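The values are calculated or read from the model by the stated rules, or taken from the named source; none is laboratory data. Small disclaimer: the values here were computed from a predicted structure and weren't measured. Cβ placement follows ideal geometry from the backbone for every residue including glycine, while neighbour counts extend to all protein chains displayed. Ligands, DNA and RNA are excluded from the accessible area calculation, which covers all protein heavy atoms including side chains. Shrake-Rupley method; radii C 1.70, N 1.55, O 1.52, S 1.80 Å.
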Amino acid sequence: MAEVKVKPEVPDPVDIESRIIELCHQFPHGITDQVIQNDMPHMEAQQRAMAINRLLSMGQLDLLRSNAGLLYRIKESQNASKMKGSDNQEKLVYQIIEDAGNKGIWSRDIRYKSNLPLTEINKILKNLESKKLIKAVKSVAASKKKVYMLYNLQPDRSVTGGAWYSDQDFESEFVEVLNQQCFKFLQSKAEAARESKQNPMIQRNSSFASSHEVWKYICELGISKVELSMEDIETILNTLIYDGKVEMTIIAAKEGTVGSVDGQMKLYRAVSPLIQPTGLVRTPCGLCPVFDDCHEGGEISPSNCIYMTEWLEF
């Protein structure tokens, strides 16, 4: 069956402005144009500039200069006007929640920082929720507990689990499909490079693809119900690296190049070893990114490690 490619929809200008405001709340000290570009890589420069200029003209953002270049920061007057008419206890709880950012804070920690009775805190939280100043979000780290954050913030990946979780359940099938499709794209690049009949060095270089290229391919497939970022795709590509199917290299890139960060760009290519390495060399611990957190009895341990199980079955 032929694959159906879905052309990404052009985002609404209001949605772009709302997302920029969310980013400014997440980074109270200010954000650069690069931060916005990394968060919305599919956005054209003209659309981004129009949204920023509109927010500046409406007085919702301040424009500052720093060593990193221009900074966009939310106006302080907006934050102050939200709590107009509130008593000191409400302002204190709101300030504690605001300081927690998009990672949120448990009611127990609010109680510890405010020294207020739990009954009073619960009353204040309900009142702030009813005013849509804060919201409660379930955390994947503790399913029975909720964290509180400002109403207009997008929860951090550590709270929601990112694109890999749905209603606190890990979407293993979705991750596996993405894994296969990313590898398929890199394999097709490698095959096209081999068929070009160029010299070996040119073939090798042309078999690489940037994470932006892989991200664009996945978006055009339309297999994801949620919007994926380049960081999400790089997470999938990292699992392919750990599986020994893909290798990565980092090259210098001109500032402003699509897919580059801090003047560097990550490139990936599919690899197939000429011979299978010996069992000892294939020990997964040597490449494990969470090696330092692995211990018996912990959330990550040798007894429940699928990579260790596969290696022992070798």
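Annotations
- In the chain, the sites counted are GluC sites (Glu not before Pro) in DSSP loop states with at most 13 other Cβ atoms within 10 Å, and the longest stretch holding none of them, exclusive of the sites, is 45-226.
- When the trypsin sites (Lys or Arg not before Pro) in the range 163-244 are filtered for DSSP coil states and for at most 11 other beta-carbon atoms within 10 Å of their beta-carbon, the remaining sites are LYS197, LYS225.
- For the range 186-191, 3J(HN,Hα) per residue [Karplus equation, 6.51 cos²θ - 1.76 cosθ + 1.60, θ = phi - 60°, Hz, x = Gly/Pro]: 5, 5, 5, 5, 5, 5
- Placed amide H near TYR165: partners under 5 Å, 5+ positions off or other chain: GLU171
- Amide H contacts under 5 Å for SER210, placed H, 5+ residues apart: TYR268
- Distant alpha-carbon pairs in the chain (separation over 37 angstrom), percent: 31 percent
- Kirkwood Rh in Å, taken over all unlike Cα pairs in the range 135-274: 16.9 Å
- Amide H contacts of VAL246 (H built 1.01 Å from N, under 5 Å, at least 5 apart or other chain): ILE241, VAL271
- Whole-Hz couplings from phi, Karplus 6.51/-1.76/1.60, listed for the range 208-216; x for Gly and Pro: 7, 9, 7, 5, 5, 5, 5, 4, 5
- Candidates SER229, SER18, SER130, ranked by Gaussian network fluctuation over the chain, Cα under 10 Å, top entry: SER130
- Positive-end residue of ALA192, MET40, ALA270, charge dipole of the chain with Cβ unit charges: MET40
- Area accessible to solvent at ARG19, 1.4 Å probe radius, in Å²: 50 Å²
- Total charge dipole magnitude, the chain, about the Cα centre, Cβ charges on Lys, Arg, Asp, Glu only, Debye to nearest 20: 740 debye
- Selected from PHE291, VAL177, CYS24, residue furthest toward positive end of dipole (the chain; charges at beta carbon): CYS24
- Computed from the C-beta positions of SER57 and GLU313, the FRET efficiency with R₀ = 51 Å rounds to 0.20.
- Pairs over the 32 Å Cα-Cα cut-off, from the set LYS135/LYS184; LYS145/LYS245; LYS75/LYS216; LYS75/LYS131: LYS135/LYS184; LYS145/LYS245; LYS75/LYS216.
- Here the sum of -39500 (n - 2.57) over DSSP H runs of 4 or more residues, divided by the residues of the chain, equals -13500 deg cm²/dmol at 222 nm, to the nearest 500.
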